[in-house]
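What follows is one structure encoded as structure tokens, with my remarks underneath.
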Amino acid sequence: MGQPAIPPTPQGTTFDGKTCLVTGANTGIGFETARQMLTLKASRVIITARDKSKGQAAVEALRQDPDVIEVNPSARIETFHLDLDDYQSGLAFCDQVKGEVSDLDVLLCNGGMNIMNYQKSKNGHEQVMQVNCYTHFLIILELLPLLQATAAKRKSPSRVTFVGSGTQYHHTLNKVPLGASENVMNHYDDPNIYHGLQRYSDSKLVVNAFIRGLARVVPDSEVIVNNFCPGRVETTGFDRAIPQWLKMIMYVYRWTSSRPLKHAGWTAIYATAVTGRESHGKFMQSNKIDPGPPFLNEPAGDEFIERLWEDFVADVAPLDPKLKGFAY
């Protein structure tokens, strides 16, 4: 099954003078997006990696990219260490950003994982949810003042964009609803309801819910927040942890219907630079606003968004008392 064509980034799109931060960008979509940001004149691009040597290798590759050399040879390109499996690493990363980055125009939350077996993170949460969601959420709240200050300085909104996924339509809440008084994070930590083939989908539903909640807290005049699906993309290494039988299916699926990595980068640039306030709190597929799973547009979904926000803030507030101010 094919996908809609993605048009090239419109002429005139620029990150000139801006600082962009992309998590998990030593390979794949994150790396390609960082490369395109540099070709669009970003003055500073910071990528994160869990492995410092791989992060540095990616920085060197970006510096040696012919397009970057041609149009933006003086750009500042760096890697900061970040292990999304650990809140403490997220806090240390944010401390480094606050100490070394005076302006932050774009935060692209790209890092993620997909595994089929239940594992716990260093903080005791289910690992896919920790990596794809919770540590990123912590980083967003910690860096929000910097993003807002940059917006005030530029007199133009900063950006927080999450790489989401259309797979969120296949979430498990339709089969295993959240209990009336159940903590949202405890729900996803329960190994008895864990479904490996759908946990990635669950994580992207939670991403979309968080973005909707964040849009209630932050006005689009300060920070435009959104999430987007890059579509099915040619080999990025994302399938390496799935079972062999599924790898074969995904290989054929990607070979017959995937977008080139460059086009996936175009969708990221669209979400972080082209689309405007109309995307605030929204999910996009193929550069168009998508309503998302019906659940999120129902009263139960609205309640889920509020409960997720409340439970997450309660989970991270002990790490940084200032975060208590984000409670509804």
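Out of all the residues in region 190-212, which are over 15 Å from the mean Cα position of the chain (by Cα) and either closer than 26 Å to LEU143 by Cα or free of Cβ contacts under 8 Å to residues at least 40 places away in the same chain (or both)?
Result: ASP190, ASN192, ILE193, HIS195, GLN198.
Taking region 98-128, which residues are buried (at least 21 other Cβ atoms within 10 Å of the Cβ) and within 28 Å of GLN36 (Cα to Cα)?
So the first thing to find is which residues in region 98-128 are buried (at least 21 other Cβ atoms within 10 Å of the Cβ), and the list is 104-112, 125-126, 128.
If the condition is that a residue be buried (at least 21 other Cβ atoms within 10 Å of the Cβ) and within 28 Å of GLN36 (Cα to Cα), then LEU104, ASP105, VAL106, LEU107, LEU108, CYS109, ASN110, GLY111, GLY112, VAL128 are the ones that fit.
Pick from GLU32, GLU78: which is closer than 18 Å to ILE139 by Cβ, touching a residue at least 12 places away in the same chain (Cβ under 8 Å) and of a type in the set (Asp, Glu)? Show your work before the answer.
Numbers: GLU32 fails: closer than 18 Å to ILE139 by Cβ.
Going through GLU32, GLU78 in turn, just one is closer than 18 Å to ILE139 by Cβ, touching a residue at least 12 places away in the same chain (Cβ under 8 Å) and of a type in the set (Asp, Glu): GLU78.
Are there any pairs, at least 6 apart or on different chains, whose C-beta atoms fall under 7 Å, with the first in region 94-123 and among the acidic types (Asp, Glu) and the second outside any helix (DSSP H, G or I), and if so, which?
Pairs that qualify, where the first residue is among the acidic types (Asp, Glu) and the partner is outside any helix (DSSP H, G or I), are ASP103/THR19; ASP105/LYS18; ASP105/THR19; ASP105/CYS20; ASP105/SER158; ASP105/ARG159.
Using the structure shown, decide if ASP86 is over 20 Å from THR19 (Cα atoms), out of contact with any Phe, Trp or Tyr (no Cβ under 8 Å at 6 or more places or on another chain) and of a type in the set (Asp, Glu).
Spelling it out, ASP86 is indeed over 20 Å from THR19 (Cα atoms), out of contact with any Phe, Trp or Tyr (no Cβ under 8 Å at 6 or more places or on another chain) and of a type in the set (Asp, Glu).
If I ask for residues that are of a type in the set (Gly, Ala, Ser) and touching a helix residue (DSSP H, G or I) at 6+ places or on another chain (Cβ under 7 Å), which ones from region 29-78 would you list?
Scanning region 29-78 gives ALA34, ALA49, ALA58, ALA75.
Considering each residue of region 151-177, count those that are in contact with a strand residue (DSSP E or B) (Cβ under 7 Å, 6 or more places away or on another chain) and either surrounded by fewer than 24 Cβ atoms within 10 Å (Cβ to Cβ) or of a type outside the set (Ser, Thr, Tyr) (or both), and give that number.
The total comes to 8.
So CYS94 ticks every box in (1) surrounded by fewer than 22 Cβ atoms within 10 Å (Cβ to Cβ); (2) part of a loop (DSSP other than H, G, I, E, B); (3) within 17 Å of the chain's Cα centre (by Cα) but one. Which box is left unticked?
(2)
Is it the case that some residue within region 282-301 is assigned to a helix (DSSP H, G or I), without any contact (Cβ under 8 Å) to a residue 60 or more places away in the chain and under 19 Å from CYS109 (Cα atoms)?
Scanning region 282-301, I find no residue that is assigned to a helix (DSSP H, G or I), without any contact (Cβ under 8 Å) to a residue 60 or more places away in the chain and under 19 Å from CYS109 (Cα atoms), so the answer is no.
Looking at region 170-197 only, could you name the residues that are within 26 Å of ARG232 (Cα to Cα) and in contact with a Lys or Arg (Cβ under 9 Å, 6 or more places away or on another chain)?
Listed by number, the residues that qualify are HIS171, THR172, TYR188, HIS195.
Can you name every residue in region 196-227 that is within 25 Å of VAL274 (Cα to Cα), in contact with a helix residue (DSSP H, G or I) (Cβ under 6 Å, 6 or more places away or on another chain) and charged (D, E, K, R)?
Within region 196-227, LYS204, ARG212, ASP220, GLU222 meet the criteria.
For region 181-226, enumerate the residues that are assigned to a loop (DSSP other than H, G, I, E, B), out of contact with any Pro (no Cβ under 8 Å at 6 or more places or on another chain) and among the charged types (D, E, K, R). I'd like the intermediate steps shown before the answer.
Keep residues of region 181-226 that are assigned to a loop (DSSP other than H, G, I, E, B), which gives 181-183, 190-195, 218-222.
Retained after the next criterion (residues that are out of contact with any Pro (no Cβ under 8 Å at 6 or more places or on another chain)): 181-183, 190-195, 218-219.
Listed by number, the residues that qualify are GLU182, ASP190.
Quick one: which helices (runs of 4 or more DSSP H) lie wholly within region 1-83 and hold at least 1 residues that are over 21 Å from the mean Cα position of the chain (by Cα) and among the aliphatic types (A, V, I, L, M)?
So the answer is 52-64, 66-71.
Please go through region 121-144 and pick out each residue that is in contact with a strand residue (DSSP E or B) (Cβ under 8 Å, 6 or more places away or on another chain) and among the acidic types (Asp, Glu).
Matches in region 121-144: GLU126 only.
Only the coordinates and a few stated rules stand behind these numbers; no lab work does. All of these numbers come straight from a predicted model, not from anything done at the bench. Heads up, the Cβs are rebuilt from the backbone with ideal geometry, glycines too, and the neighbour counts pull from every protein chain shown.
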